Amino acid sequence: MSLILFDRNALPEPETGAPAAERVVSGDPRFLTWNLDTSEDEKTYAGFWQATAGRDKTTRCGQMCVCVVG
């Protein structure tokens with residue numbers, strides 16, 4: 001395992017997204033994702049994720065999140 005440092009001031013263009021309409025619980029959540037590293041088996045990703053206010057039912061499990069801002 002190795003440590004990878006990311007420079008938040010030098011990010012590529014993000015991917016945009018939103019949950020499927022049937023998963024939205026409230027609000028109008030929208031996402032920006034900066035995928036900066038992917039494991040060789042493509043099961044693990046690292047980067048930054050940003051979301052607007054809203055709530056949705058997730059389809060993911062096993063995530064680790066560190067809040068950088070807010």
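The values are calculated or read from the model by the stated rules, or taken from the named source; none is laboratory data. Quantities reported herein were computed from a predicted structural model and do not represent experimental measurements. Ideal geometry is used to build each Cβ from the backbone, glycine not excepted, and the neighbour counts take in all protein chains shown. With ligands, DNA and RNA removed, areas are computed over all heavy atoms of the protein, side chains included. Shrake-Rupley method; radii C 1.70, N 1.55, O 1.52, S 1.80 Å.
Residues that are open to solvent by 80 Å² or more (accessible area, probe 1.4 Å), of a type in the set (Val, Ile, Thr) and at pLDDT 85 or above: does segment 12-21 have at least one?
Yes, segment 12-21 contains at least one residue that is open to solvent by 80 Å² or more (accessible area, probe 1.4 Å), of a type in the set (Val, Ile, Thr) and at pLDDT 85 or above.
Would you kindly identify the strands (runs of 3 or more DSSP E) lying entirely within the chain that contain at least 2 residues that are touching a residue at least 24 places away in the same chain (Cβ under 8 Å)?
In the chain, the matching strands (runs of 3 or more DSSP E) lie at 24-27, 31-38, 45-51, 54-56.
Restricting attention to segment 36-47, does a residue exist that is within 18 Å of CYS65 (Cα to Cα), modelled with pLDDT of 90 or more, under 12 Å from the mean Cα position of the chain (by Cα) and open to solvent by 50 Å² or more (accessible area, probe 1.4 Å)?
No, segment 36-47 has no match at all.
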